[in-house]
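Novice: Pasting a structure here, questions to come.
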Amino acid sequence: MTALPAGVLREALVDVGAIAANVRHLRRLTDSEVIAVVKADGYGHGAVRAAAAALEGGATRLGVAEVGEALALRRGGISAPIVAWLLAPGASFVEAAGAGVELGISTMDQLNRAAAAATADRPVGVHLKFETGLGRNGIPPEDWRMVAAEAARLERIGKIRVVGLFSHLSNASPDDDRAALALFHEAIGVAASVGVAPRLRHIAATHAAIDLPEARLGCVRLGIGIYGLSPFADRSSADLGLRPAMTVRAAVAAVRRVPAGHGVSYGYDHRTARETTLALVPVGYADGVPRQASGLGPVRIGSGRFTVAGRVAMDQFVVDVGDHPVAVGDEVVLFGDPTLGAPAADEWADAAGTINYEIVTRIGPRVPRRQVSA
């Protein structure tokens, strides 16, 4: 790892080569078409760069939560098929339809608004989402037949084009996921009985795509895995053959030698046990470093591993490095690829009582992203 550029306090390196390699690996593993999920600014990695890398790795389609995210991808030059599935109440879909954005439909009202956005020569692409137990959006079982039948009618008259059928799994347990999968197959059957039988069916995200082969259905929606992180508590990225794509690092901003009993950061939750060196790291909860990891979050400075001393503040935190040599400008790695000696995002997640998804996604806009390809 090279030193930070002069004048840079903090940055996130995004390895687009890792994203492409992760997609290639998961495609081979699942033998399935890949919808790469790049919502939430590509889980914090940058949506356009993540989308381009995923497509290079063999993904054929992209998934986002909101229409606005899909339109931003179009503005960024991404022409691949995109589906957006969290739709604003009452919104017009005319702009989405004009940009060729496919819509994840969970209600009859959404279906009708999708049809209203069609033109004489341009039906609107939709994926019908069926509720199979997660309790979020999705067409409820009592409405499956009615909505699917209307979709079939609208497709016959050229208003919509049913591209796919989909749902989400809970990952609560294999039995729960198999029960949801059985319901999804029932929904597929209901749709087919009224003339809706598209090629694409997708219910498996990274967790099920790896661990529940029967849920692959020829198409998987991959989110966390393409960024090189594991969705499992008992298996690391390396165990899954994945490379973490994001490395967050900062430059030591100040160094101070202090006596025993010296307080550190707000509240003096940490007091030095002996004469020691304190290193100031210019990144804080405004940048996405979880305050809940105060006193626990790991970092690497040179050859040493340390933890946050005291509270994470808005813009900075302190590391008690003892007698380890440290100087202003030295690189501090918060997380990255543990096979290269960096702390893992999972370690920060454990320290904060959360999941690795949140750790990477919450890295804020004040942390510049710099694209690399290893």
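The values are calculated or read from the model by the stated rules, or taken from the named source; none is laboratory data. Everything numeric in this text was worked out from a predicted model, so none of it was measured. When we count neighbours, we look across all protein chains shown, and the Cβ atoms used for this are built from the backbone with ideal geometry, even at glycine. With ligands, DNA and RNA removed, areas are computed over all heavy atoms of the protein, side chains included. Shrake-Rupley method; radii C 1.70, N 1.55, O 1.52, S 1.80 Å.
Novice: For the stretch 1-112, what does the relative contact order come out to in percent, with C-alpha contacts under 8 Å and a separation of six or more? Please report the intermediate quantities before stating the final value.
Specialist: Numbers: 142 pairs, mean separation 22.4, N = 112.
Worked out over the stretch 1-112, it gives 20 percent.
Novice: Relative contact order of the stretch 226-296, please, whole-number percent, based on alpha carbon pairs below 8 angstrom and at least 6 residues apart. Before the final figure, lay out each step's value.
Specialist: Values: 80 pairs, mean separation 16.8, N = 71.
Relative contact order of the stretch 226-296: 24 percent.
Novice: Here is a further query. Going toward the positive end of the dipole of the stretch 201-253, with +1 on Lys and Arg Cβ and -1 on Asp and Glu Cβ, which of 248, 224, 236 do you reach last?
Specialist: The one lying farthest along the dipole's positive direction is 248.
Novice: Moving to a separate point now. Find how many whole Å separate the alpha carbon centroid of the stretch 102-150 from the alpha carbon centroid of the stretch 156-223.
Specialist: Between the Cα centre of the stretch 156-223 and that of the stretch 102-150, the gap is 14 Å.
Novice: Could you report the stretch 1-84's accessible area per residue, 1.4 Å probe, as an integer in Å²?
Specialist: With all protein chains present, the stretch 1-84 gives 37 Å² per residue.
Novice: Still on this model: When only DSSP loop residues count, what trypsin sites (Lys or Arg not before Pro) in the stretch 250-289 have their Cβ near at most 14 other Cβ atoms within 10 Å?
Specialist: 274
Novice: Under 15 Å from the 7 Å Cα→Cβ point of residue 157, by amide nitrogen: which residues of the stretch 94-121?
Specialist: 111-121
Novice: Using a 1.4 Å probe, how large is the accessible area of residue 246, given in Å² and rounded to the nearest 10?
Specialist: The value for residue 246 is about 10 Å².
Novice: Also, I was wondering about something else. At what distance in nm do the modelled label points of residue 324 and residue 109 sit from each other, each positioned 7 Å from its Cα along Cα→Cβ?
Specialist: Using points 7 Å along Cα→Cβ, the separation is 5.5 nm.
Novice: Could you sort 86, 222 by their accessible area in this structure, using a 1.4 Å probe and putting the largest first? Display every interim value, and only then the final one.
Specialist: Numbers: 86 100, 222 0 Å².
Sorted by accessible area, descending: 86, 222.
Novice: Quick one: check the C-alpha center-to-center distance for the stretch 1-23 versus the stretch 289-305, whole angstrom.
Specialist: Distance between centres, Cα-based: 19 Å.
Novice: Restricting to DSSP H runs of at least four residues, report the calculated mean residue ellipticity at 222 nm for the chain, -39500 (n - 2.57) per run over all residues, nearest 500 deg cm²/dmol.
Specialist: When only DSSP H runs of four or more count, the value is -8000 deg cm²/dmol.
Novice: Which order do 236, 79, 167 take when ranked by solvent-accessible area (1.4 Å probe, heavy atoms of all protein chains), largest first? It would help to have the intermediate numbers written out before the result.
Specialist: Values: 236 55, 79 105, 167 0 Å².
Highest to lowest solvent-accessible surface, that is 79, 236, 167.
Novice: Normalising by the residue count of the stretch 308-357, find the relative contact order in percent from Cα pairs under 8 Å and 6+ residues apart. Before the final figure, lay out the partial values.
Specialist: Values: 34 pairs, mean separation 8.5, N = 50.
Contact order relative to length: 17 percent.
Novice: Who wins for biggest fluctuation among 344, 114, 149 in a Gaussian network model of the chain, springs between alpha carbons below 10 Å?
Specialist: Of 344, 114, 149, the most mobile in the Gaussian network model is 149.
Novice: For residue 254 and residue 146, compute 0.36 nm times the residue count separating them, minus their Cα-Cα distance, and round to one decimal in nm.
Specialist: Working: separation 108, 0.36 × 108 = 38.88 nm, distance 6.52 nm.
That pair, residue 254 and residue 146, stretches by 32.4 nm at full extension.
Novice: Assign unit charges at the C-beta atoms only (+1 for Lys and Arg, -1 for Asp and Glu), then state the dipole size of the chain relative to its Cα centre in Debye, rounded to the nearest 20. It would help to have the intermediate numbers written out before the result.
Specialist: Working: 38 positive and 38 negative charges, 163 e Å.
With only Lys, Arg, Asp and Glu charged at Cβ, the dipole is about 780 debye.
Novice: Over the stretch 218-339, give the accessible area per residue in Å² for a 1.4 Å probe, as an integer.
Specialist: On the way: 4820 Å² over 122 residues.
The answer is 40 Å² per residue.
Novice: I've got another one for you. Roughly how many percent of the accessible protein surface of the chain is carbon and sulfur, given a 1.4 Å probe and a whole-percent answer?
Specialist: On the way: 8110 of 15360 Å².
Carbon and sulfur: 53 percent of the exposed surface of the chain.
Novice: Scan (1) 47; (2) 42; (3) 38 for the value of percent of Cα pairs over 29 Å apart calculated from this model and give just the label.
Specialist: It is the value labelled (1).
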